[in-house]
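Undergrad: Provided herewith is a single structure, encoded as structure tokens, for subsequent inquiry.
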Amino acid sequence: MRSSPGSARPETCSGWVDGSMALEDLYREVILDHYRNPRNRGHLSSPDATAQGVNPMCGDEINLELTLTDGSVSDVAIDGHGCSISQSSASMMTEAIKGKTRGQIEDLVARFRAMMAIDPDTDPGLDPDRPGAVLGDIEALQGVRQYPVRIKCASLAWNTLLEALSDQPD
């Protein structure tokens with residue numbers, strides 16, 4: 001066994017400390033995975049809804065395309081560039097909205113905004129005993145709350161999603 005950097009606690013070669021991986025490290029890995037291997041990247045041939053989001057503070061850009069079938073998102077694609085937080089958040093969002101109706105998406109966005117402390121009066125409904133059980137990989141972004149300037153990076157894709165849906169009939 002060896003010690004983790006900055007820690008006197010022993011760590012096995014798999015990265016586990018005292019039988020469990022630190023939650024922050026796990027979240028960091030989830031964010032980096034979505035950044036390095038973005039889901040639903042590309043373009044749709046005939047999207048029903050599109051929107052572009054830009055965060056001029058740091059240069060993040062998201063292009064979002066949706067295909068809607070019977071009131072649900074049947075396909076989604078993202079393109080753009082930016083920091084790991086904005087791009088991984090967009091990737092996570094695309095996975096979470098497939099198959100969802102507008103109402104379900106609005107509920108998901110409300111939970112995300114509550115988790116990020118953008119809407120502090122809304123309970124995100126997270127289960128602290130089961131990380132990821134409610135919002136899946138999206139919960140990895142909750143550490144961003146500690147860095148208020150980065151909240152805009154994390155929320156860019158979600159705001160772009162609401163913009164794309166705003167032009168669609170209910």
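No lab work stands behind these numbers, since they all come straight from the coordinates. In this text the structure is predicted, and so the values were computed from the model without any measurement. Using ideal geometry, Cβ is built from the backbone for each residue, glycine included, and neighbour counts are taken over all protein chains shown.
Undergrad: In the range 52-86, whose amide N lies under 16 Å from the spot 7 Å out along Cα-to-Cβ of Val149? List them in ranges.
TA: Hits in the range 52-86 for Val149 at 16 Å: 55-60, 83-86.
Undergrad: With a 10 Å radius around each residue's Cβ, average the other Cβ atoms per peptide and rank 153-164, 118-129, highest first. List each step's numbers first, then the result.
TA: Working: 153-164: 22.8, 118-129: 11.9.
Averaged packing, sorted descending, gives the order 153-164, 118-129.
Undergrad: Another one. What ranking do Val73, Val109, Val134 get, fewest neighbouring Cβ atoms within 10 angstrom at the top?
TA: Numbers: Val73 24, Val109 21, Val134 14.
Sorted ascending by nearby Cβ count, the order is Val134, Val109, Val73.
Undergrad: Now for a separate question. Give, as ranges by residue number, the residues of the range 106-149 whose backbone N falls under 14 Å from the point 7 Å along Cα→Cβ of Glu24.
TA: Flagged as within label range: 142-147.
Undergrad: Given that compact globular proteins tend to follow 2.2 N^0.38 Å, what is the ratio of the alpha-carbon Rg of the chain to that value?
TA: On the way: Rg = 17.2 Å, N = 170, 2.2 N^0.38 = 15.5 Å.
Taking the Cα Rg and dividing by 2.2 N^0.38 Å, one obtains 1.11.
Undergrad: Sum -39500 (n - 2.57) across every DSSP H segment of at least 4 residues in the chain, then divide by the residue count to get the 222 nm mean residue ellipticity, nearest 500. Mind dumping the intermediate values first?
TA: Details: 4 runs with 61 residues, N = 170.
The helix contribution divided over the chain gives -12000 deg cm²/dmol.
Undergrad: Report the net charge of residues surrounding Ser45, where surrounding means a beta-carbon distance below 10 angstrom and charges are Lys +1, Arg +1, Asp -1, Glu -1. Walk me through the numbers before you get to the answer.
TA: On the way: positive: none; negative: Glu65, Asp75.
That works out to -2.
Undergrad: Once you list every other residue whose beta carbon is under 11 Å from the beta carbon of Leu162, what net charge do they have if Lys and Arg are +1 and Asp and Glu are -1? Write down the numbers at each step before the final one.
TA: Working: positive: Arg102, Arg113; negative: Glu106, Glu163, Asp167.
Cβ neighbours under 11 Å give a net charge of -1.
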